[in-house]
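S.K.: Structure provided below as structure tokens; questions to follow.
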Amino acid sequence: MAKIGVIHYNWPGFSFEEFLRFAAETGYQYVELQINDVWTPDVDNPEANAERVRKLVESYGLKVSALAAGNDFLQTDEETIRYQVERMKRICRLTRILSEEAVVRTEGGLPKESVPRQKWLDALTECFQRCLDFVDKMGVALAIDNHGYITNDYTILYMLLQRVNHPLIGTNLDTMNYRWYGHDLQVCKRIYELMAPYVKHTHFKDGFGSLAEYRGAALGDGEIDLLHALNCLKQAGYSGVYCAEYEGPEAAGGVGYAKCYRWLKEHAG
């Protein structure tokens, strides 16, 4: 049976506990949490809070599939690199408190004038390589999201994975983001094939168009070849969570996320 999850994102009008209740009642088994669900500036003891959150999630019969780090590894300043890496180390600890099998969904980073494009790959490689020691010790996988303007360039993400070359460093496959970035649909299909062996977590997301023309949709209602993405993952031996993400027009009341669950239940197997 497929592991079907949902991201805690774009749930207008839902409290955290209402999100958990809706996810469980809809049929979802897993939830991806955001770092602010566990660790905010006003939380003095995020480890204790992670224990509380885990118990709350489990009280609804759910498990945590991933914790989104919200990191920025596009850095060249040594002090900032050390801060980002130490922060990631703590996020890995929090992830292990939340679940024995959850991954950390990481960002690459944000474009900035201080880091020109020709330094992007070196900067990202340096930060991820500095994480390898504690990632190994904790057994926490880092799933680099194809998000924003850097890692949606699949050539950069692929070279990064090749350079770091570690079994616990992989990617979070967002099925829509490559299209959002501007790749045409046939290129997106080839990207799924290329990335499938490295996938540690997923965002199954549908929609239409790129950049300013992008429109979100429920799974199966957009232009993304989701069945091809599923097939690529299955052929690569992926055994992780199929996590729904929804950015369409029916966010209120969880309607869009309920539709996404039904599609995953029917097709993920």
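Laboratory data are not the source of any read-out in this text; all were calculated from the coordinates shown. Fair warning: this is a prediction, and the values are worked out from it, not measured in the lab. Neighbour counts are summed over all protein chains in view; Cβ atoms, including those assigned to glycine, are modelled from backbone coordinates with ideal geometry.
S.K.: Mind checking which pairs have a first residue in the range 224-240 that is farther than 22 Å from TYR30 by Cα and a second that is surrounded by fewer than 16 Cβ atoms within 10 Å (Cβ to Cβ), Cβ under 7 Å, 6 or more apart or different chains?
M.R.: Pairs that qualify, where the first residue is farther than 22 Å from TYR30 by Cα and the partner is surrounded by fewer than 16 Cβ atoms within 10 Å (Cβ to Cβ), are ASP225/LEU185.
S.K.: I would also like to ask the following. Return yes when ALA244 is in contact (Cβ under 8 Å) with a residue 60 or more places away in the chain, in contact with a Pro (Cβ under 9 Å, 6 or more places away or on another chain) and of a type in the set (A, V, I, L, M, F, W, C) and no when it is not.
M.R.: When the stated conditions are applied, ALA244 does not pass them.
Quick grid of which residues meet (1) buried (at least 24 other Cβ atoms within 10 Å of the Cβ); (2) in contact with a His (Cβ under 8 Å, 6 or more places away or on another chain); (3) on the phi > 0 side of the Ramachandran plot; (4) not hydrophobic (A, V, I, L, M, F, W, C):
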| position | (1), (2), (3), (4) |
| --- | --- |
| GLN29 | no, no, no, yes |
| PRO41 | no, no, no, yes |
| GLU47 | no, no, no, yes |
| VAL53 | no, no, no, no |
| LEU56 | no, no, no, no |
| GLY61 | no, no, yes, yes |
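S.K.: Could you tell me which numbered condition LEU33 fails, if it satisfies all but one of (1) surrounded by 15 or more Cβ atoms within 10 Å (Cβ to Cβ); (2) more than 21 Å from THR202 (Cβ to Cβ); (3) within 20 Å of the chain's Cα centre (by Cα)?
M.R.: The failed condition is (2).
S.K.: Looking at the range 210-229, is at least one residue part of a helix (DSSP H, G or I) and closer than 18 Å to LEU157 by Cβ?
M.R.: yes
S.K.: Sticking with this structure for a sec: Taking into account only those residues within the range 98-114 that are buried (at least 20 other Cβ atoms within 10 Å of the Cβ) and of a type in the set (A, V, I, L, M, F, W, C), which is nearest to ALA50 (Cα to Cα)?
M.R.: Only one residue tops the list, namely LEU98.
S.K.: Mind checking which pairs have a first residue in the range 109-135 that is over 13 Å from GLN84 (Cα atoms) and touching a residue at least 40 places away in the same chain (Cβ under 8 Å) and a second that is of a type in the set (S, T, N, Q) and part of a loop (DSSP other than H, G, I, E, B), Cβ under 8 Å, 6 or more apart or different chains?
M.R.: Close Cβ pairs satisfying both conditions: VAL115/GLN75; VAL115/THR76; LYS119/THR76.
S.K.: Moving to a separate point now. Among the residues of the range 218-239, is any crowded, with 16+ Cβ neighbours inside 10 Å, of a type in the set (D, E, K, R), in contact with a strand residue (DSSP E or B) (Cβ under 7 Å, 6 or more places away or on another chain) and farther than 21 Å from THR151 by Cβ?
M.R.: yes
S.K.: Moving on. Would you tally the residues in the range 63-97 being within 19 Å of GLN129 (Cβ to Cβ), of a type in the set (Lys, Arg) and touching a residue at least 12 places away in the same chain (Cβ under 8 Å)? So that I can check it myself, show each step before the final result.
M.R.: Start the filter on the range 63-97 by keeping residues that are within 19 Å of GLN129 (Cβ to Cβ), which leaves 69, 71-92.
Narrowing the set further to residues that are of a type in the set (Lys, Arg) leaves 82, 87, 89-90.
Filter once more, so that each one left must be touching a residue at least 12 places away in the same chain (Cβ under 8 Å): 87, 89-90.
Residues meeting the conditions: 3.
S.K.: One residue is enough: does the range 83-90 have a residue meeting the conditions surrounded by fewer than 20 Cβ atoms within 10 Å (Cβ to Cβ) and touching a strand residue (DSSP E or B) at 6+ places or on another chain (Cβ under 6 Å)?
M.R.: No: zero hits.
S.K.: Can you tell me which residues in the range 171-205 are outside any helix (DSSP H, G or I) and in contact (Cβ under 8 Å) with a residue 40 or more places away in the chain?
M.R.: ASN172, LEU173, ASP174, THR175, MET176, VAL199, LYS200, HIS201, THR202, HIS203, PHE204, LYS205 - these are the residues of the range 171-205 that are outside any helix (DSSP H, G or I) and in contact (Cβ under 8 Å) with a residue 40 or more places away in the chain.
S.K.: Give me the residue from the range 185-217 that is at negative phi and among the small types (Gly, Ala, Ser) and, out of that set, surrounded by the fewest Cβ atoms within 10 Å (Cβ to Cβ).
M.R.: Applying the filter and picking the extreme gives ALA212.
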